[in-house]
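One structure is given below, encoded as structure tokens.
Nothing in this text is a laboratory measurement; each read-out follows from the coordinates by a stated rule. For clarity, every value in this text was computed on a predicted model and none was experimentally measured. Methodologically, a virtual Cβ is constructed for each residue, glycine included, from the backbone with ideal geometry; neighbour enumeration extends over all protein chains shown.
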């Protein structure tokens, strides 16, 4: 099978390319395999202290008193840090500055840090935590979306819309009522997508060092050194130029190491207080409470459609259970709606999103950030629509695909789209036409599609500067060093830089050294999030490498007396295309250039194109281009126990030209794995009583698939180069997760005829639905009620089809209704 | 709590273990495989200042066949049991439990004695050993006593073992001819998952395939592993046919006392008990009568 022996590839892959498009070893593979890679927790410095944080044991309370007297006198304790020492509020998004390093006045969740100690070793630090005396005045805890809507006092935060509603957003593109009126049918489905967490194998760790000239260095397992750098400057109140953040290789990120974390600031401050290096490594339980993972999202999706399956309008509504802090949450709220228009033609689209605060670990970005939930709602509904119309779900989708190089109703700029070919591949591979709706009871196939951004079109804080920068240093050794702020989280960001620069300069990846994620040494890259790294750093690297090539070519052209444009860079040589014998080694060429021009260095940068939408909030969703996926899941449902087993999945990914197809396949398979867990078992759930503690912050009881549950994956790479990407590459890291849960839900329906309208699809839900169906009731498990929340009048934006100019309709200021 | 706060004492003999246990009582616990205990200490379920390890007492390890049955040393691991020829030949049903519990790493570390003595309701070995009429040997300085397994458990993590006693052996009698047993479990994933429910069954047939003795034991759905006497009685004197098996499964569901917890709702677990009882009885019948599956 293709999935076993390398991906089946389809497209104009690798034509004329020597490095790009070929399977290659990752540049960091050997050091990781033999244990040379230094992760943050491997760093040990002389006289280093260890930090532990005192964390709240209650979900919501005012802090009446903290007594630290016993702690300070405990042998081995060198410093105690309290909230008042670092009171400045911060958060990754400028609009959600609601976090503190340590709580000053109240705690908002179990696990909220209250104090930190630095001690001579980890055991002493842990023992010291028992010596704190904290007196709380308990406040009622809010544990669900409904409670957050119902209970306006006490407020978890003093900002936001009102009560415990963090943010409401409402948009209407076109006119959905008009669209519904044109429809032959209108249906609304209520679905729920449970929260889940990233589960990186590496627990978060940081080491801070302070030098007496006032400079701070922080090594940390972060995906976003740049945003962390900004937060450190703000909260520590020292110039950013005096702070150096070094992103250590992440042992898994998946979005869980995107936010700046309180412990990262705390160790810096403790290093400043003690003058000694300070380390922290979170426990697994602490990682569960750091969270920032998948939001639980309750959705109502109302869709108008015609007899041929074409969509006339959609009104999609979401409620997000945000947890205790803002974090990326407002972006997440947008993402639960903005990409619904990117796969199937949709002339009118309306979206309402509401994020609430609850006293639970804060949610945020997890692989697919905010989009797997609405994609689940949409793709399960598409399956129901096809069933209702008596159409094949694959063929019906094929008829409705958005056009390449078009604008969606909500002004997203579609680039290349090969979703049709993706569908063809998985239909063929799974023998869909022979097997769908024809398999014996208990076995089934389901199909779903998806789209995902290749990098967010705007930075998290507004600024006109590039999103990614690359510097090249070349010298007489012939060595090329690539400097870039991007972070290696296992996805291959270092390797991509080496492949691309090698491709342009005609040398091998092994000839290149990559230095990354160091705010002192490397130019800014915004970080490893939103599937932006390959496209943005790749384009910046091409620019830097082309500039270096130009300098070298000038020197070589003069020496060989051939025109510059006749020079070829390949096989570690620079030579005359018309007379390949005439040339020199790359090393000699660099020496010539260094002699002629002096020290060699070039830079490149990348800024995404301006977004076509010009309305408030149009920054969420636009991307230089989008990846597409289609998936077919095969399931076996045991009708006695209700357990669902997925023996195999077929997944076709339109990711443009692969820079390294093996890494792309790794991302596809990893996404299937993560999607499988979300579909079948993963749940970030809390005890139902007022205590709101996590039910199972451990690898044993937080059920995630093992190798025994992992399915066979047959992957197909569709490689039409996209003009926006470096050598035509699009994203691969997140998009392939999206179709997995709905494909499985649709396959469960094919197998046993019941609809499970929420994930995870656990055995008890399946059995309940089977039993209900046997009794003549609706064979469905899922939410039946959608809460009410008054929404502000939507921002009304005429669509491109309607001749809009990307601006919202100006009208009287909307009055937010309570 | 910090494991470094705990003092570890390694006993070379049972007498020494007993002496150490007495010296540090009540702030002491016995350590065998540690796969439950160390996790519980680390997460704060228990705290203790002293651990007395019995892992160096070689006599507590290994499996010996006797005239009447097999004696399993308390330190024997599930994987050692699974690879023992005598267990494989004479007590195949025990393999149902050793094969599916936890994960390979745990099956190499955990001990049979620990799986029983910890008294966790979801333990996989007690149900199958109970229907096979196993007993445990409790040793103390004042002597040994043998306790049938069905009288060993008192409640969740509570057993009749006194604090001065050490569970040293498990005795399992040879099953009579025309007797078959089986253990069926259901968990939320295939490895590293405690049972949502487990059911062990044994059937002894007379000539003409009439049931002379039937035992059914439930795991993970009551405060202790629970023998369902009624389910057994319903099968007596009958062929273990579809109707009798259904009645027994109903009785097992009735007798179960599941709670709703992280592994499933009480209703769902009761459903699963019925399914597993049926499966266990069918497999036990197959084994007893040499039927082909």
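Roughly what percent of Cα-Cα pairs across segment A:96-220 reach past 21 Å?
68
Would you please classify the overall shape of segment B:119-192 from the alpha carbon gyration tensor, given that a ≥ b ≥ c denote the square roots of the eigenvalues, rounded means a/c under 1.5, and beyond that prolate means a/b larger than b/c while oblate covers the rest?
oblate
On alpha carbon coordinates alone, what is the Rg over Rh value for segment A:170-231, Rh being the Kirkwood radius?
Here Rg/Rh amounts to 1.38.
Along Cα→Cβ, 7 Å out, is where each label goes; now give me the distance between the ones at residue A:708 and residue A:105 in nm to one decimal.
5.2
Which log10 I(q)/I(0) values does segment A:184-297 give at q = 0.12, 0.14, 0.15, 0.16 Å⁻¹ under the Debye formula, counting every alpha carbon as one identical point scatterer?
Values returned for q = 0.12, 0.14, 0.15, 0.16 Å⁻¹ are -0.47, -0.59, -0.65, -0.72.
Going by alpha carbons, how many degrees (0 to 90, nearest 10) lie between the helix axis of B:266-289 and the longest principal axis of chain B?
70
Find how much the distance from residue A:88 to residue A:403 grows on full extension, using 0.36 nm per residue of separation minus their present alpha carbon separation; answer in nm with one decimal.
108.6 nm
Given the C-alpha centroids of segment A:136-187 and segment A:474-526, what is the distance between them in whole angstrom?
A separation of 45 Å, based on Cα centres.
Taking the square root of 5 times each eigenvalue of the Cα gyration tensor, what semi-axes in Å does the equivalent ellipsoid of segment B:58-142 have, largest first?
Over the Cα atoms of segment B:58-142, the ellipsoid semi-axes are 18, 16, 14 Å.
Viscosity 0.890 mPa s, temperature 25 °C: Stokes-Einstein D of segment A:390-453 from its Kirkwood Cα radius, in µm² per second?
Translational diffusion coefficient: 182 µm²/s.
What does the convex hull of the Cα atoms of segment A:752-798 come to per residue, in Å³, rounded to a whole number?
Convex hull volume per residue, Cα atoms: 148 Å³.
Throw me the Rg/Rh for segment A:660-818, computed over C-alpha atoms with Kirkwood Rh, two decimals.
Details: Rg = 21.9 Å, Rh = 20.3 Å.
Over the Cα atoms of segment A:660-818, Rg/Rh equals 1.08.
Which percent, nearest 5, of DSSP beta bridges in the protein assembly as shown are antiparallel?
75
Compute the orientation-averaged projected area for segment B:89-136 from the convex hull of its Cα atoms and round it to one decimal in nm².
Its Cα hull, projected and averaged over all orientations, spans 3.5 nm².
Convex hull over the Cα atoms of segment A:369-489, averaged projected area in nm²?
On the way: hull surface 52.8 nm².
It is 13.2 nm².
Among B:242, A:568, which comes first, second and so on when ranked by fewest other beta-carbon atoms within 10 Å?
Taking fewest neighbouring Cβ atoms as first place, the list is B:242, A:568.
As a test of the formula, what do you get for chain A when each DSSP H run with n ≥ 4 contributes -39,500 (n - 2.57) and the sum is divided by the residue count, at 222 nm and rounded to the nearest 500 deg cm²/dmol? Mind dumping the intermediate values first?
Working: 19 runs with 207 residues, N = 818.
Helices in chain A give a 222 nm mean residue ellipticity of -7500 deg cm²/dmol.
At 7 Å along Cα-to-Cβ for each site, give me the label-to-label distance between residue A:461 and residue A:809 in nm.
Taking the two extended label points, one gets 3.7 nm.
Once you have the alpha carbon radius of gyration of segment A:505-579, what is it after dividing by 2.2 N^0.38 Å, with N set to its residue count?
Details: Rg = 15.7 Å, N = 75, 2.2 N^0.38 = 11.3 Å.
Against the compact-globule rule of thumb, the ratio is 1.39.
Could you list, bin by bin from short to long, the percent of Cα-Cα pairs of segment A:660-706 in 10 Å steps?
So the P(r) values, bin by bin, are 25, 35, 24, 12, 4, 0.
List, largest first, the extents of the alpha carbons of the protein assembly as shown along their principal axes, each in whole Å.
Cα extents, longest axis first: 100, 75, 71 Å.
Could you give the semi-axes, largest first, of the ellipsoid that matches segment A:605-700, computed as the square roots of 5 times the alpha carbon gyration tensor eigenvalues and rounded to whole Å?
Ellipsoid half-lengths, sorted descending, are 34, 25, 14 Å.
Calculate log10 I(q)/I(0) of segment A:553-624 for q = 0.27 Å⁻¹, where I(q) comes from the Debye formula with a single equal point scatterer on each Cα and nothing for solvent.
For segment A:553-624 at q = 0.27 Å⁻¹, log10 I(q)/I(0) is -1.18.
Round to a whole angstrom and tell me the spacing of the C-alpha centers of segment A:17-38 and segment A:758-815.
Taking the Cα centre of segment A:758-815 as reference, the centre of segment A:17-38 is 44 Å away.
When all C-alpha to C-alpha distances in segment B:154-293 are sorted into bins of 5 Å, what percent of pairs does each bin hold, rounded to whole numbers?
2, 11, 18, 20, 17, 15, 11, 5, 1, 0
Could you calculate the FRET efficiency of residue B:65 with residue A:774 from 1/(1 + (r/R0)^6), where r is the beta carbon distance between them and R0 is 56 Å, rounded to 0.05? Could the numbers behind the result be given before it?
On the way: r = 50 Å, r/R0 = 0.89.
In this case the efficiency is close to 0.65.
For chain B, what percent of Cα pairs sit more than 25 Å apart? Don't skip to the end; give the middle numbers.
Details: 20039 of 42778 pairs.
For chain B, the fraction of Cα-Cα distances above 25 Å is 47 percent.
Return one number: the angle in degrees, 0 to 90 and rounded to the nearest 10, between the long axis of the Cα atoms of helix B:242-255 and the longest principal axis of the Cα atoms of chain B.
Relative to chain B, helix B:242-255 is tipped by roughly 40 degrees.
Going by how many other beta carbons lie within 10 Å of each one, how would you line up A:213, B:213, fewest first? Mind showing how you got there, number by number?
Working: A:213 6, B:213 16.
Ordered by Cβ neighbours within 10 Å, fewest first: A:213, B:213.
Specify the inter-centroid distance of segment B:220-293 and segment B:116-157, based on alpha-carbon positions, in whole Å.
Taking the Cα centre of segment B:116-157 as reference, the centre of segment B:220-293 is 21 Å away.
Over the alpha-carbon set of segment B:90-237, divide Rg by the Kirkwood Rh and report the Rg/Rh ratio to two decimals.
Using Cα coordinates only, the ratio equals 0.98.
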